[in-house]
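> Below you will find the structure I want to go over with you.
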Amino acid sequence: MSRHVELLRRARQDGDLFERPPVVDGPAANTSPHPGPRLGWFGPTSNDYWQQLVQELFVRRDTAGRGAVGVASATAGEGTSFVAAHLAAELARTLEQPTLLLEANVFRPSQAGRHGVEPDPGLRRLLAEREFPLDQALRQTGIEGLWLLPGGASGFYGAAPDWTCFPRLLARLRERFTALVIDLPPVNLSTDAMLLGAWLEALVLVVEADLCSREVVHSAEERLRRANPNFVGTVMNKRKFVIPEAIYRRI
C-alpha cells in the first residue's frame, strides 16, 4: 500500500479544517509499501497541512505548479469533495495564479453549495450541449484566484454523462487556468474516475479511516494506478489517534 499523507480529523464545521496537527509520512510520490521518514510535524493551524499537500502534489513534481490532479475515493462518503475543495483553495493562495476546482462527481454534486453559488449550468450542461458557452458554467468563488466549474444541479440530467468531449473541454480549461483540482466520483460507483484519470497529470485516493477494508482500498489503488501510472498516494481522512500527541511524535 502506498505511503500515506495523513489527515487527522475533519472538523464538524466545514470552515474548521482539523482539530489536531497532521503528520506526513514520506513524499506522496513514493509508493513504497514500507513506512518512510516523516517530513515533519506541523502546528495546530490547518493551513500547514494544506500547504504541505500542495507542495507534494504540485510544486515538488517539477511542473511549476501547473497541471491537473484528480482526487477520488474507493466508496462514497469518504470526504473526497472536502479534500478537493480545500486543496484547491490552498493551491490558489500558494500559486497566486488562476486555479480551477472542477467537480466531475456529477452523481453527488456538493461544491456549488459549499461555495454558495448556483449549481447549474455546470459540467453536465457542457457535456450535453457542446456549443454551450464555457464562461456561463464557470463561477468565481470568494477565494481570490479560485474558480469553480460545478457538476450541475443534482438530478438535472437523468442519463449518465457523455465524457467523449471531456478531453477537448479539459484542453480549453488548461489554457485558462494554471492548475486544476478534479473532484472525481468514487471508484466503486462507476468507471468515470478511471476514464477521466487517464487525462490527468496525477491521481490521489482519499481514504476515511475505519470505513473501508484494506482489500477495498488496495483494489481502488490498483484501478487508479492502471488508469494513470502517476498515482501518487493516499490521503487519510478522519484518522483517530488513541495515544497522546507527545507520545506519537516519538514513535
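> Go through 136-144, 216-224 and give me the packing order, highest mean Cβ count within 10 Å leading.
For the peptides 136-144, 216-224, the packing ranking is 216-224, 136-144.
> Arrange the peptides 164-170, 89-95 so that the one whose residues have, on average, the most other Cβ atoms within 10 Å appears first.
By packing density, highest mean first, the sequence is 89-95, 164-170.
> Indicate the gyration tensor shape class of the stretch 104-199 (rounded, prolate or oblate), computed on the Cα atoms with a ≥ b ≥ c the square roots of the eigenvalues: a/c under 1.5 is rounded; otherwise a/b larger than b/c is prolate and the rest oblate.
Rounded, because the longest to shortest axis ratio a/c is under 1.5.
FYI, it's all coordinate maths here, none of it is from the lab. Here the structure is a predicted model, which means the values were calculated and not measured. Cβ: placed from backbone, ideal geometry, glycine included. Neighbour counts: every protein chain shown.
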